[in-house]
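Working notes for the structure below.
Values quoted throughout were computed directly from the atomic coordinates according to the rules given, and no laboratory measurement underlies them. Keep in mind that this is a model prediction, so the values were computed, not measured. Positions of Cβ are generated from backbone atoms using ideal geometry, with glycine treated the same way; all protein chains shown enter the neighbour counts.
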Amino acid sequence: MRGEDDRPASAAETAYLAIRTDILEGILQADERLTEVTLADRLGISRTPVREAVKRLLIEGFLKRAPGEGLRVTGLNPDEVQQIFLIRTMLESYGARRAAEFATNAECNELRRLADVMSAHTPPEGRSDYDVISEANAAFHNTIMQAAQSPRLAAMLSLAVNLGLVLRTYKMYSDHDMLRQSRHHHDIAEAIAARDPDWAEAAMRAHVLAAAGVARRQADGAG
């Protein structure tokens, strides 16, 4: 019997991954106007799975829909990017601080495991490595929010984090940037395991600010 993880991807999942990849790789440009019909034609599938994919991409911040403008690829100006990272810095630093106080041993072990997974694929040699790192990174930060035991904080962070921006920032990283971020994950995991709120807060702050620096450098280069 085929296991759940071995099931073929649904048409909506396939459409989601294809559109997301085109956005991340710059094939679909920031502020480019799209329609579900043109996307369906582009992918050679019906509109129904494209409609489901678009809903997900809107939630994650890859696409936006405004009255009178229709569907567009999200384009963020430098000030918006810095606002997002500043809000993340405040919320995630506080989350790491709480995690150092409330994390279980199992959560500490999971953070260390995920940090090891990311290190094993850093620097990335291809798309598969990027995918592993991106998934492990998301799980790492989600585990910290879970360990923080604050549904209110998690809800606030879910509104502040733009997944499209996070993944696009990863694509901007040099090997040096990736290695630094990998070290940060180990520092954060060890600080939380050490039950040291001040260290955990400082380590997370350095981590998010480093990502903000990469995004700012990219914006300055494009300006």
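Per-residue Cβ neighbour counts within 10 Å put Ile23, Ile192 in the sequence Ile23, Ile192, beginning with the fewest.
Determine the dipole magnitude for segment 78-222: charges of +1 sit on the beta-carbon of Lys and Arg, -1 on that of Asp and Glu, nothing else is charged, the reference point is the Cα centre, and the result goes in debye to the nearest 20.
220 debye
Phi angles across segment 107-112 convert, under the Karplus curve 6.51 cos²θ - 1.76 cosθ + 1.60 with θ = phi - 60°, into 3J(HN,Hα) values of 5, 4, 5, 5, 4, 5 Hz, Gly and Pro given as x.
Distant-in-sequence amide contacts of Leu71, defined by a placed amide H-H separation under 5 Å and a gap of 5 or more residues or a different chain, comprise Leu34. By its C-alpha gyration tensor, with a ≥ b ≥ c as the square roots of the eigenvalues, how is segment 65-139 shaped: rounded for a/c under 1.5, else prolate for a/b larger than b/c, else oblate? Cα axes put segment 65-139 in the oblate bin.
Of the peptides 141-151, 30-40, the ranking by mean beta-carbon count within 10 Å, highest at the top, reads 141-151, 30-40. From the Kirkwood radius over Cα pairs of the chain, Stokes-Einstein at 10 °C and 1.306 mPa s returns a whole-number translational diffusion coefficient of 85 µm²/s.
A simple count of charges around Leu111, restricted to other residues whose Cβ falls under 12 Å of its Cβ and scoring Lys, Arg +1 and Asp, Glu -1, yields -3. Charge tally around Ala138: other residues with Cβ under 12 Å, Lys/Arg +1 each, Asp/Glu -1 each, net -3.
Net charge in the neighbourhood of Leu43 (other residues with Cβ under 14 Å of its Cβ; Lys, Arg +1, Asp, Glu -1) is -1.
With the cut-off at 1.5 for a/c, could you classify segment 77-183 from its C-alpha gyration tensor as rounded, prolate or oblate?
Cα axes put segment 77-183 in the oblate bin.
Each part gets one Cα centre, and for segment 116-141 versus segment 56-93 those centres are 23 Å apart. Entry note, the chain: relative contact order of 25 percent, from Cα contacts under 8 Å with a spacing of 6+ residues.
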